[in-house]
Amino acid sequence: MDTAVNTVPNPAAPESPATAPPGGGTASAVPAPRDGHPRRPAGGAPRRRNARENLAGYLFMSPWITGFLLLTAGPMAVSLYFAFTDYNLFDAPRWIGLDNFTEMFGDPRWRTSVEVTGWYVVLGTPLKLAAALGVAVLLNQSRRGQGFYRAAFYAPSLIGASVSIAIVWRALFSDNAPVDRAQQLIGLDPGGWIGDPDKIIYALVALTVWQFGAPMVIFLAGLKQVPRELYEAAQMDGAGPWRRFWNITLPMISPVLFFNVLLETIHSFQIFGSAYIIGSQGNACGPADGTLVYTCYLYVQGFENSRMGLASAMAWMLLLAVGLVTAVLFWSQRRWVHYEEGGR
Amino acid sequence: MSLVRTGARGVRAGSLAWHLGSLAVLAVVLYPVMWVIGGSFKPNDEIVGSLNVLPTDPITDNYRRLADGIADIPISTFFGNSLFLALASVVGVLVSSSLAAYAFAKIGFAGRNLLFTLMIGTLLLPYHVLLIPQYVLFQKLELINTYTPLLLGKYLATDAFFVFLMVQFMRGLPRELDEAARLDGCGHLRTYWSIVLPLCRPALITSAIFTFINAWNDFMGPLIYLNEPEKYTVSLGLKMFVDQDGVANYGGMIAMSLVALLPVVAFFLAFQRYLIDGMATSGLK
């Protein structure tokens, strides 16, 4: 997790000469915040100046630092402790060692939730990014109306996570509803997706794909930075559109692609509200656990069954999984992400 | 990739094809929205089974029945609660995030790089790790069923995305400006308030809109912390609607869903340029 965290803004750093460290940051991959203030100004009273800068800095930072300690770092430590205890919120936590973890791994519902979430991430993220990239390439032409299309495709990303849209989705994918009807038109009669534990997950995947606008906007911004000369030169050499996409566009936008893959993957691990509402039929998270995504089960264990210790253990497994995926992505980027030397 | 065509006719044909292609994709993407807007003007039994966007015989009953409220609570209560939470969140995020961002971007204090790394780390941290302990904390402080747990983090800059967005923006400002201010004897507070903040308007607007929309759409927070229907937000009111009427009253549910989206849509239409540019820079800088 640590190494991952260190390099986060990296994918983008070379893209923006304005913010890249002028002398080349050596120690950390994070573009260190740099500005016109030297650490030790020549002349004057450097020590007093430093003390004043430190005081001002920590005063400005005090809300963030309070928040970090009180709402992030502290809770993380406490949650790690809870993970090894039996805790129902009212009696004092009781240390039980690894019992929460053994119970979790032996619990078939937990395994279901891992499976459901895994499917959701593995299906939803690539499809969403493919749609985003496809439409971005389509839109990346200087034609009139581009702004309109960009805004229209982006809109679903803003409303997609709301309860309202989850309700709409339930209506769209239920028995005899439009999606079912459309399938009937082409000779299939699968019945509604919402009532079917095996199919309801695809309704959820469709919902995330529908929100491809946010990564699309980021892809578009990346595509705009690809120098036109490259395409012109490739065309002179007789490269067709597909070759140009594969050999120029993809490598040139690979930092943006990496950024999108990273963010979308991390986000989809955390899906909750849509799954809760789309699946809810009296109980949360779907008929026969069809949309029992990981966070849904975490919610059920923690807040419906008052198993705070077990839920904390589950949360830490989620953190480990997300950290692992992040680390793998960062490790893999060496092979497929091309950063231009010198920040162009 | 329309580089070859140079003749006017070729350009026009290419343009037409491009528009047709884009519109076709757009039609697919926006169909659910169109269908549901049409559906809200249909009688209950006509909604689900029909692919048609337009109602055969439009009615307004679904909207008129919203005046009855949900479970005897007028829907204006939910809207008032959501509006209060969203606006209070915006104030908190703007103040606390811009303060932290100014320190990261413009003050050379000791430990800055370490804190910046930690801040970026929280950007990737799944919120659910904090869910249980934060709940326990607020429960011990007897703050369950108040708005404090939903707002406190906003006033303590815990949403790293906005801090990051503003840091990036502030770093892009010409440094001659704050050097000049310093030479004129401006302290950091003056520089922050009179020079940097006004120049950061675009980043502030972007953050404000995203904060508003996120707070408005938030479901998990209110679900966990609020348990008295009078305090419910629109999201929870909608959930109550689903639990109560379910399939029996599709029309009302859909109408209420659409009304609940109105503020988000209004913000989007008014500020879409800021939103999209903010989104784009978050990925690039």
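Looking at the range A:82-93 only, could you name the residues that are out of contact with any Ser or Thr (no Cβ under 7 Å at 6 or more places or on another chain) and either free of Cβ contacts under 8 Å to residues at least 24 places away in the same chain or more than 9 Å from every other protein chain (Cβ to nearest Cβ) (or both)?
Kept after step one, since they are out of contact with any Ser or Thr (no Cβ under 7 Å at 6 or more places or on another chain), are these residues of the range A:82-93: A:84-87, A:90-92.
Of everything in the range A:82-93, those that are out of contact with any Ser or Thr (no Cβ under 7 Å at 6 or more places or on another chain) and either free of Cβ contacts under 8 Å to residues at least 24 places away in the same chain or more than 9 Å from every other protein chain (Cβ to nearest Cβ) (or both) turn out to be A:PHE84, A:THR85, A:ASP86, A:PHE90, A:ASP91, A:ALA92.
Remark: pairs (first residue in the range A:184-212, within 11 Å of chain B (Cβ to nearest Cβ) and within 14 Å of A:ILE167 (Cα to Cα); second residue of a type outside the set (A, V, I, L, M, F, W, C) and part of a loop (DSSP other than H, G, I, E, B); Cβ separation under 6 Å; 6+ apart in sequence or on different chains) = A:ILE194/A:SER174.
Out of B:LEU199, B:LEU223, B:LEU165, I need the residue that is closer than 23 Å to B:LEU83 by Cα and out of contact with any strand residue (DSSP E or B) (no Cβ under 7 Å at 6 or more places or on another chain). Which one? Outline the logic, then answer.
On the way: B:LEU199 fails: closer than 23 Å to B:LEU83 by Cα; B:LEU165 fails: closer than 23 Å to B:LEU83 by Cα.
The conditions single out B:LEU223.
Within the range B:37-52, which residues are in contact (Cβ under 8 Å) with a residue 40 or more places away in the chain and part of a loop (DSSP other than H, G, I, E, B)? Steps first, answer last, please.
Just the residues of the range B:37-52 that are in contact (Cβ under 8 Å) with a residue 40 or more places away in the chain, to begin with: B:37, B:39-40, B:42-44, B:47-48.
Matches in the range B:37-52: B:SER40, B:LYS42, B:PRO43, B:VAL48.
Picking from B:MET170, B:MET279, which residue would you name as being at the interface with another protein chain (Cβ under 8 Å from one of its Cβ atoms) and surrounded by 17 or more Cβ atoms within 10 Å (Cβ to Cβ)?
Working: B:MET170 fails: at the interface with another protein chain (Cβ under 8 Å from one of its Cβ atoms).
Answer to the check: B:MET279.
Can you find a residue in the range A:157-169 that is away from every other protein chain (no Cβ under 11 Å), in contact (Cβ under 8 Å) with a residue 12 or more places away in the chain, crowded, with 21+ Cβ neighbours inside 10 Å and touching a Ser or Thr at 6+ places or on another chain (Cβ under 7 Å)? Let's see the steps before the verdict.
Of the residues in the range A:157-169, the ones away from every other protein chain (no Cβ under 11 Å) are none.
Within the range A:157-169 (the criterion being away from every other protein chain (no Cβ under 11 Å), in contact (Cβ under 8 Å) with a residue 12 or more places away in the chain, crowded, with 21+ Cβ neighbours inside 10 Å and touching a Ser or Thr at 6+ places or on another chain (Cβ under 7 Å)), the answer is no, since none of the residues qualifies.
For (1) under 30 Å from B:ARG190 (Cβ atoms); (2) at pLDDT below 90, each residue gets a yes or a no:
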{"site": "B:VAL36", "(1), (2)": "no, yes"}
{"site": "B:THR56", "(1), (2)": "no, yes"}
{"site": "B:PHE79", "(1), (2)": "no, no"}
{"site": "B:ALA100", "(1), (2)": "yes, no"}
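Looking across the range A:288-320, the residues that are touching a Pro at 6+ places or on another chain (Cβ under 9 Å) and either surrounded by 23 or more Cβ atoms within 10 Å (Cβ to Cβ) or not charged (D, E, K, R) (or both) come down to A:ALA288, A:GLY290, A:THR291, A:THR295, A:MET308, A:GLY309, A:SER312, A:ALA315, A:LEU318, A:LEU319. When the range B:219-247 is limited to residues that are more than 8 Å from every other protein chain (Cβ to nearest Cβ) and not in a helix (DSSP H, G or I), the one that is surrounded by the most Cβ atoms within 10 Å (Cβ to Cβ) turns out to be B:THR233. Name the single residue, out of those in the range A:77-102 being part of a helix (DSSP H, G or I), surrounded by 15 or more Cβ atoms within 10 Å (Cβ to Cβ) and not hydroxyl-bearing (Ser, Thr, Tyr), that is farthest from the chain's Cα centre (by Cα). Among those that are part of a helix (DSSP H, G or I), surrounded by 15 or more Cβ atoms within 10 Å (Cβ to Cβ) and not hydroxyl-bearing (Ser, Thr, Tyr), it is A:ASP99. Where residues in the range B:88-112 are facing another protein chain (nearest Cβ under 7 Å) and in contact (Cβ under 8 Å) with a residue 12 or more places away in the chain, which of them is surrounded by the most Cβ atoms within 10 Å (Cβ to Cβ)? Top of the filtered list is B:ALA100.
Rundown of residues vs (1) surrounded by 17 or more Cβ atoms within 10 Å (Cβ to Cβ); (2) part of a helix (DSSP H, G or I); (3) more than 10 Å from every other protein chain (Cβ to nearest Cβ); (4) touching a Ser or Thr at 6+ places or on another chain (Cβ under 7 Å), yes/no style:
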site: B:ILE195; (1), (2), (3), (4): yes, yes, yes, no
site: B:PRO198; (1), (2), (3), (4): no, yes, yes, no
site: B:TRP216; (1), (2), (3), (4): yes, yes, no, yes
site: B:TYR250; (1), (2), (3), (4): yes, yes, no, no
site: B:MET253; (1), (2), (3), (4): yes, yes, no, no
site: B:LEU261; (1), (2), (3), (4): yes, yes, no, yes
site: B:VAL265; (1), (2), (3), (4): no, yes, no, no
site: B:TYR274; (1), (2), (3), (4): yes, yes, yes, yes
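Checked against the criterion of being of a type in the set (D, E, K, R), within 12 Å of chain A (Cβ to nearest Cβ) and within 22 Å of B:LEU226 (Cβ to Cβ), the range B:71-84 contains not a single residue that satisfies it. Among the candidates B:LEU124, B:LEU85, B:LEU115, single out the residue that is farther than 14 Å from A:LEU71 by Cβ and in contact (Cβ under 8 Å) with a residue 24 or more places away in the chain. Just one listed residue meets the conditions, B:LEU85.
Take residues that are farther than 17 Å from A:THR291 by Cβ and modelled with pLDDT of 90 or more and tell me which of the helices (runs of 4 or more DSSP H) falling wholly in the range A:185-262 contain 2 or more.
Numbers: elements: A:200-210, A:213-224, A:228-236, A:241-244.
By residue number, A:213-224.
Looking for something assigned by TED's automatic domain parsing to the domain that holds B:SER89, modelled with pLDDT under 95, part of a helix (DSSP H, G or I) and surrounded by fewer than 19 Cβ atoms within 10 Å (Cβ to Cβ) - is there at least one such residue anywhere in the range B:139-147? There is at least one residue in the range B:139-147 that is assigned by TED's automatic domain parsing to the domain that holds B:SER89, modelled with pLDDT under 95, part of a helix (DSSP H, G or I) and surrounded by fewer than 19 Cβ atoms within 10 Å (Cβ to Cβ). Looking across the range A:111-156, the residues that are facing another protein chain (nearest Cβ under 7 Å) and of a type in the set (Lys, Arg) come down to A:ARG143, A:ARG150. The number of residues in the range A:294-344 being under 22 Å from A:GLY273 (Cβ atoms) and among the small types (Gly, Ala, Ser) comes to 6.
Against the conditions (1) touching a residue at least 40 places away in the same chain (Cβ under 8 Å); (2) under 26 Å from the mean Cα position of the chain (by Cα); (3) within 11 Å of another protein chain (Cβ to nearest Cβ), B:LEU151 satisfies every one except (3).
Do we find that A:PRO126 is exposed (fewer than 15 other Cβ atoms within 10 Å of the Cβ), assigned to a helix (DSSP H, G or I) and assigned by TED's automatic domain parsing to the domain that holds A:ILE278 in this structure? It is true that A:PRO126 is exposed (fewer than 15 other Cβ atoms within 10 Å of the Cβ), assigned to a helix (DSSP H, G or I) and assigned by TED's automatic domain parsing to the domain that holds A:ILE278.
Can you confirm whether the range B:197-220 contains a residue that is among the basic types (Lys, Arg), in the same structural domain as B:ASP277 (by TED's automatic domain parsing) and closer than 27 Å to B:PHE138 by Cα?
Looking through the range B:197-220, none of the residues is among the basic types (Lys, Arg), in the same structural domain as B:ASP277 (by TED's automatic domain parsing) and closer than 27 Å to B:PHE138 by Cα.
Kindly provide the set of residues from the range A:235-249 that are among the aliphatic types (A, V, I, L, M) and within 14 Å of A:LEU223 (Cβ to Cβ), ordered by number. Scanning the range A:235-249 gives a single hit, A:ILE248. The set of residues in the range A:104-123 being surrounded by fewer than 20 Cβ atoms within 10 Å (Cβ to Cβ) and small (Gly, Ala, Ser) consists of A:GLY106, A:GLY118.
The values are calculated or read from the model by the stated rules, or taken from the named source; none is laboratory data. Note that this is a predicted model, so its numbers are computed, not measured. FYI the Cβ positions are ideal-geometry reconstructions off the backbone, even for glycines, and counts take in every protein chain you see.
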